[in-house]
Amino acid sequence: MDPRNSAQDVVRCTLCQDSVAPMYCEVCHIHLCKDCVETHLSDSSKVHKVVSLKQYLTTLNNPKCRKHPTKQCELHCEQCDIPICAQCISSGKHSGHKKNDIFQSFEIKTGILEKDLQELEKFIYPKYKEIASNIPVQKADLSKNSQKLTTAIDKQGEVWHREIDTIITNLKSNVVEMESKHLVVLNKQENEITHTISEITQTIAELKKLLNSKDVSLVSEYKSRIAAFRRLPPKLKVSLPSFRPQEIHTDQLIKQFGSLSALSFTTEEQDYSMAPQGAEFSLQDRSLMDEPQVITAIDTGYEYLYGVTCLNDTEVWTYSNDNMMKLFNLQGELVESIQPKSGNDPQDIAVTRK
């Protein structure tokens, strides 16, 4: 494709998110720029194996077609989300479907795996652990409050006649009952969180195993569960009961002794936010590959391409001398086209960071 009328992007470093990544760690399954290789190797918790990305890609094998076992898959059908071979294409079953190179699809899915694993390990799993650690504190507060209530009831009971002992017993029973109900709720939430943490731990292990397998078929079939894990458990807000002593009037003992406020439960949705990745890297940290690697090419339709500006990780603005700016995604699809308000040809493009 003519480089004068096409836009391209490159594989970015997983650590700094800015520089292009000519290297790949086969142990951690992340892309690395030259500046970040030394930092990554300094992590002595693992024996890293960093190779060139080009060398890594040559180790991958085309998967065998499931419908035609004697054929190898060279493409991935986006609509069907499966690897396909030449015989699949000739059958017409994938006619009109968007198709990608099988290894390009593998790279995309690998990127999703890396991001899911990173988010699970660095954000979601610690957040669940934090939430779980707060439940014993709630139990301790519950126990303290229940003891406080019991003491207050005993103190008030000492100055009352023996005939109100039945009332005291009933109120204590209410405290125990409310504590029991509260514990049931807390234990249920603790069990659910513990179960989810177990699922997250298993998912992390499966993702690591999947990344280590280099199995293109399995990676292509990967279905992310990250959306489900992002939905954190609701925060339990409890209005603990309290005891309100009253002045003593013999004819109104039951009313005047005091009563416990009702135990109530409310839930509050919890969320988390990830810290910006690569924020500690400055412009001076960015570097370029000696030989650029093309991971996608976009036909802009321009006779001459004057400039390209990234809107985000998946979309780029382009402009030429035809009084029109076009927004493309990395699949080469036109997302939007606009004309400058001035009516003049654009001289450059700047976007606000999302």
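The values are calculated or read from the model by the stated rules, or taken from the named source; none is laboratory data. Computed from a predicted structure; not experimentally measured. Glycine also receives a Cβ, built like all others from the backbone with ideal geometry; neighbour counts cover every protein chain displayed. In case anyone asks, the SASA skips ligands and DNA or RNA and just uses the protein heavy atoms, side chains included. Shrake-Rupley method; radii C 1.70, N 1.55, O 1.52, S 1.80 Å.
Odds and ends about this structure:
- If you take the Cα centroid of region 254-270 and the Cα centroid of region 130-193, the two points sit 11 Å apart.
- Heavy-atom accessible surface of the chain: percent carbon and sulfur, 1.4 Å: 51 percent
- Residue pairs, from the table K129/K237; K214/K326; K99/K326; K49/K98, whose Cα atoms sit over 29 Å apart: K214/K326; K49/K98
- Figure note: C25, C310 ranked by solvent-accessible area, largest first, 1.4 Å probe, ligands and nucleic acids not counted: C310, C25.
- Computed magnitude of the charge dipole of region 103-259 (debye, nearest 20; Cβ of K, R +1, Cβ of D, E -1): 380 debye
- Potential lengthening between E78 and W160 on full extension [0.36 nm per residue; Cα-Cα distance subtracted]: 21.6 nm
- Each helix, a run of at least 4 DSSP H residues, gives -39500 (n - 2.57); summed and divided by the residues of the chain, these come to -12500 deg cm²/dmol at 222 nm.
- Positive-pole candidate from W160, N212, A262, dipole of the chain, charges at beta carbon: W160
- When +1 charges are put on Lys and Arg Cβ atoms and -1 charges on Asp and Glu Cβ atoms, the dipole computed for the chain relative to its Cα centre reaches about 1040 debye.
- For E315, nonlocal amide neighbours, meaning residues 5 or more places apart or on other chains whose placed amide H falls under 5 Å from its own, do not occur.
- Accessible-area value, S213, 1.4 Å probe, nucleic acids and ligands omitted, Å²: 50 Å²
- Under the criterion of Cα pairs below 8 Å and six or more residues apart, the relative contact order for the chain equals 20 percent.
- Only Lys, Arg (+1) and Asp, Glu (-1) charged, at Cβ; region 168-241 dipole about Cα centre in debye: 240 debye
- Spatial separation of Cα centroids for region 107-121 and region 39-80, in angstrom: 14 Å
- Averaged per residue, region 1-122 has 53 square angstrom of accessible surface, using a 1.4 angstrom probe with ligands and nucleic acids left out.
- Pairs exceeding a 26 Å alpha-carbon distance, out of K46/K188; K122/K144; K144/K235: K46/K188; K122/K144.
- Using a Gaussian network model of the chain in which every pair of alpha carbons under 10 angstrom is joined by a spring, one finds that among T201, T318, T110 the greatest mean-square fluctuation is at T318.
- Positive-end extreme of charge dipole, region 50-106 - chosen from G96, Q72, Y56 (charges on Cβ): Q72
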